[in-house]
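Report on the following structure.
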There are 2 protein chains.
Amino acid sequence: MVKTSTLQDVARVANVSTATVSRTLSNPDVVSESTRQRVSEAVKVTGYRINRAARNLRTQRSYSVLVLLPDLANPFFSTILEGISSQVSHEGYSLLIASTKQIHESGERLIDYLDDVRADGIIILDGSLDSQVVEMLKDAPQANRILFACEWIEGTKFPSVRCQNRNGARTAVRHLYELDHRKIAHVTGPKENVLSITRKEAFIKEMTQLNLVLKPEWIITGDFSLSAGCLAAKKWIAFKERPTAVFCASDQLAIGFISELSRHNFKVPRDISVIGFDDIDFAEQFIPPLTSIRQDRLMIGETASKMLMARIINPHDDHTNDTAILPISLVIRESTAKYKT
Amino acid sequence: MVKTSTLQDVARVANVSTATVSRTLSNPDVVSESTRQRVSEAVKVTGYRINRAARNLRTQRSYSVLVLLPDLANPFFSTILEGISSQVSHEGYSLLIASTKQIHESGERLIDYLDDVRADGIIILDGSLDSQVVEMLKDAPQANRILFACEWIEGTKFPSVRCQNRNGARTAVRHLYELDHRKIAHVTGPKENVLSITRKEAFIKEMTQLNLVLKPEWIITGDFSLSAGCLAAKKWIAFKERPTAVFCASDQLAIGFISELSRHNFKVPRDISVIGFDDIDFAEQFIPPLTSIRQDRLMIGETASKMLMARIINPHDDHTNDTAILPISLVIRESTAKYKT
DNA sequence: CCAGTTGGTGTAATCGATTACATATCTTGT
DNA sequence: ACAAGATATGTAATCGATTACACCAACTGG
């Protein structure tokens with residue numbers, strides 16, 4: 001095996017104690033100019049690299065953050081990861097990844113990651129955690145090192161970062177309204193999902209506010225996926241009275257919806273205007289390019305990391321109920337158009 | 001803070017030494033039935049959780065694997081990650097993620113991850129590593145804990161896992177040929193990329209074998225992205241003599257290509273047949289559904305993990321030149337069709 | 001019946017960095 | 001000139017698990 005040099009080796013070469021070497025590296029201000037130079041020199045000649053396992057043990061920190069995803073294969077999360085990763089690596093932290101499913105299958109407990117010095121904090125991107133797990137986490141003393149992003153859990157006081165979901169739904173409806181649409185449908189995400197619920201509530205509220213008819217069957221329960229979008233399209237086709245526009249709770253839904261329509265020779269936006277949510281990369285390249293509610297996923301990731309880091313570094317400040325709600329924006333492309341009778 | 005119990009605590013409760021407790025947990029066969037029971041009981045009452053930092057220090061292992069991506073935000077990698085993650089977590093390992101860019105920016109050296117006990121092995125999904133970095137890695141004694149997946153680096157003997165790229169290109173050309181296409185273009189990936197080069201070579205070889213005309217301008221250099229696909233489409237439109245089919249080195253290219261065409265009122269497959277590579281999730285939902293060369297990304301991830309694990313656990317076996325090449329398959333959808341004069 | 005093996009357990013060193021405390025030297029003000 | 005503080009460094013304990021080695025008891029075979 002490769003033997004790397006240790007603090008001892010550096011100390012010997014620089015002719016100081018290990019304490020001084022350690023101080024030089026982690027807190028250079030407290031040592032004198034001359035030793036600082038000697039130590040730096042010694043570090044260079046020995047090729048010293050800190051042994052993180054040793055540091056972690058001594059400081060009882062891992063200098064890494066765990067990100068928990070519902071599903072690793074979902075591209076929606078990749079940009080958020082990018083944001084988290086760039087932020088944490090900037091602060092000298094590493095990024096651990098796991099999926100809810102795997103944790104569940106392996107029978108591990110989430111809190112163990114914090115207790116066994118694998119992670120200093122956890123960012124959870126999954127609001128559909130098992131309620132037993134949540135129960136166990138929410139009053140634990142480690143709870144202040146857990147943060148939700150994108151999704152959250154109603155009735156808990158975990159800090160969270162998310163986008164303006166209500167405003168997003170409202171903006172979507174308004175946009176369609178301004179294009180003279182009066183019969184507007186909505187395809188939701190998974191039934192119990194907080195995002196689905198929030199967006200649906202805001203959708204209903206705005207429809208009511210605008211005095212639009214809202215047939216219950218025009219709210220189609222889906223699950224954010226492409227295939228749920230296809231199913232929703234089939235329902236739309238079967239309606240005797242068809243809405244002229246639809247607000248989909250995700251871009252994947254919208255894309256699935258449009259695809260299915262096109263297989264039945266309907267055209268978007270000729271036959272129906274479609275607006276999505278998220279503004280994923282493909283939205284722009286889809287045919288037709290998709291009108292969507294954009295959330296800044298990079299910023300969600302960065303903000304989440306910053307908030308979590310603050311809590312890790314300063315655990316005694318009271319951060320309860322910290323919530324960051326980031327703005328959304330309407331991106332108008334070609335899947336929505338003026339309604340023509 | 002939360003004080004978790006240690007081996008000492010368990011030992012005290014079970015009335016044995018810490019050595020016995022440690023053995024009971026990591027190697028139950030060597031202790032007697034009765035102590036095993038007493039220790040298990042003690043573990044339960046104390047709520048003992050192993051301190052990984054301590055174990056890592058003592059064993060000089062981190063029980064985690066680093067995956068290095070060129071770009072976290074690229075959804076192509078998410079399924080591969082899923083495969084890696086499920087495999088390593090199955091073996092009790094954790095998954096660390098970093099992007100080439102971040103490593104580069106932070107000035108860290110990849111090899112440090114191995115030396116400083118942050119990772120026991122590295123899976124690299126980026127064949128475009130800085131050549132200086134490669135130079136430094138390839139003869140290092142730690143090199144046997146590094147493995148490439150999807151991409152690889154010509155002229156090194158790192159083990160790698162990849163799909164049948166040549167066969168993929170050949171299959172694509174054949175498919176188009178069998179649909180009576182004789183004028184076939186190719187949009188490549190980034191110029192220096194191994195995948196681009198391999199696929200392009202195989203494309204040329206197959207074209208030659210089939211005795212097809214191969215105008216140099218029909219090979220369009222791109223970069224795997226949607227927008228490169230758009231640019232390529234513009235070139236195609238500008239040709240005086242237009243190929244009737246195109247083999248794109250990635251699905252993203254194909255999608256960008258088709259999108260751009262549709263903006264200029266060309267239709268696929270009416271005006272040109274398009275085949276992609278990868279079979280990403282969107283391929284199926286795109287309009288028209290994309291014919292593509294499918295690679296099993298889940299299996300690439302799993303295989304890569306297994307190979308790496310074998311090397312970590314058994315570093316002295318000679319694994320040099322291990323290479324796994326996984327099969328591809330042709331997925332025929334609607335973006336390719338019989339050529340009609 | 002005893003040497004040699006096997007099985008089970010304990011003692012204590014060890015991994016490598018951090019840091020509380022002690023010590024030594026140097027200022028500074030009166 | 002000297003007490004009091006500031007500055008710089010060293011000594012050694014510590015984090016918590018693993019494991020080489022030693023030990024003892026019980027068994028085996030000749």
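The values are calculated or read from the model by the stated rules, or taken from the named source; none is laboratory data. Keep in mind it's a predicted model, so treat the numbers as computed, not measured. Cβ placement follows ideal geometry from the backbone for every residue including glycine, while neighbour counts extend to all protein chains displayed. Heavy atoms of the whole protein, side chains included, go into the accessibility calculation; ligands, DNA and RNA do not. Shrake-Rupley method; radii C 1.70, N 1.55, O 1.52, S 1.80 Å.
What does the structure give for A:102-110 when I average, per residue, the other chain Cβ atoms found within 10 Å of the residue Cβ? Counting Cβ atoms of other protein chains within 10 Å of each residue's Cβ and averaging gives 2. Both chains summed, the buried accessible area for A and B stands near 4900 Å², from protein heavy atoms and a 1.4 Å probe. Seen against the Cα atoms of chain B and their longest principal axis, helix B:297-313 is set at about 40 degrees. Computed about the Cα centre, the dipole magnitude for the protein assembly as shown is approximately 840 debye when only Lys and Arg (+1) and Asp and Glu (-1) carry charge, each at its Cβ.
May I ask which residue of B:Ala42, B:Phe277, A:Val39 lies farthest towards the positive end of the charge dipole of the protein assembly as shown, with charges of +1 (Lys, Arg) and -1 (Asp, Glu) on Cβ and the Cα centre as origin? Of the listed residues, the answer is B:Phe277.
Scanning residues 5 or more positions from A:Val161 or on other chains, those with amide H under 5 Å from its amide H are A:Phe148, A:Ala149, A:Cys150, A:Ala324, with H placed 1.01 Å from N in the peptide plane. Taking the charge dipole of the range A:218-267 about its Cα centre, with +1 at Lys and Arg Cβ atoms and -1 at Asp and Glu Cβ atoms, the residue from A:Asn265, A:Cys248, A:Ala232 reaching farthest to the positive side is A:Asn265.
Computed from backbone phi with θ = phi - 60° and the Karplus coefficients 6.51, -1.76 and 1.60, the 3J(HN,Hα) list for the range A:285-291 is 9, 5, 10, x, x, 8, 6 Hz; x is used for glycine and proline. The HN-Hα couplings worked out from phi for the range B:142-153 by the Karplus form 6.51 cos²θ - 1.76 cosθ + 1.60 (θ = phi - 60°) are 7, 4, 6, 10, 10, 9, 9, 10, 6, 9, 7, 10 Hz, whole numbers, x standing for Gly and Pro. Computed from Cα atoms, the angle from the helix B:33-46 axis to the main principal axis of chain B rounds to 80 degrees.
Over chain B, what relative contact order in percent results from Cα pairs under 8 Å that are six or more residues apart?
Working: 620 pairs, mean separation 58.3, N = 341.
For chain B, the relative contact order is 17 percent.
Highest mobility in the GNM of chain B, judged by mean-square fluctuation with C-alpha springs under 10 Å and restricted to B:Met299, B:Met136, B:Met307, is found for B:Met136.
For chain B, modelled as a GNM whose springs connect Cα atoms under 10 angstrom apart, the maximal fluctuation among B:Ser292, B:Ser160, B:Ser34 occurs at B:Ser34. Under a 5 Å amide H cut-off, with hydrogens placed 1.01 Å from N, B:His181 pairs with B:Tyr339 among residues at least 5 apart or on other chains. With the label put 7 angstrom out from Cα along the Cα-to-Cβ vector, B:Met136 ends up 4.2 nm from the copy partners, going from closest to farthest. Against the main long axis of the alpha-carbon atoms of chain B, helix B:165-178 sits at an angle near 30°.
Under 8 Å for C-alpha pairs, at least 6 residues apart: give me the relative contact order for the range B:7-50, rounded to a whole percent. Once normalised by length, the contact order is 44 percent.
Surface analysis of the range B:7-50 yields an accessible area of 63 Å² per residue, using protein heavy atoms and a 1.4 Å probe. Straight-line reach from B:Lys338: which lysines have a Cα under 17 Å away, not including same-chain ones fewer than 8 places off? Once the sequence-local lysines are set aside, what remains near B:Lys338 is B:Lys183, B:Lys267. Per-residue mean of foreign Cβ neighbours for A:279-285 is 5 (Cβ atoms of other chains, 10 Å radius). In this Cβ point-charge picture (+1 for Lys and Arg, -1 for Asp and Glu), the range A:184-268 has a dipole of about 260 debye about its Cα centre.
On the range B:165-295, 50 percent of the accessible area sits on carbon and sulfur atoms, based on a 1.4 Å probe. Under the convention that each Lys and Arg Cβ holds +1 and each Asp and Glu Cβ holds -1, the size of the dipole of chain A around its Cα centre is about 500 debye.
The largest accessible area among B:Glu260, A:Glu201, B:Glu178 belongs to the first residue in B:Glu178, A:Glu201, B:Glu260, and the rest follow in falling order (1.4 Å probe, all chains). Can you flag which of B:Lys157/B:Lys191; A:Lys138/A:Lys205; A:Lys157/A:Lys306 are past 20 Å Cα-Cα? Result: B:Lys157/B:Lys191; A:Lys138/A:Lys205 exceed 20 Å. In the range A:1-50, comparing the full protein assembly with the chain on its own, the residues that lose 10 Å² or more of accessible surface at a 1.4 Å probe are A:Met1, A:Val2, A:Thr4, A:Arg49, A:Ile50. In whole percent, what relative contact order does the range A:165-295 give with Cα contacts below 8 Å and a gap of six or more residues? Relative contact order comes out at 25 percent.
Peptides B:310-316, B:126-132, A:334-340 ranked from most to least packed give A:334-340, B:126-132, B:310-316, packing being the mean of other C-beta atoms within 10 angstrom over each peptide's residues. B:Leu212 label point (Cα plus 7 Å toward Cβ) to equivalent points in the other copies: 4.8 nm, shortest first. For the residues of A:224-232, the average number of beta carbons from a partner chain within 10 Å of their own beta carbon is 1.
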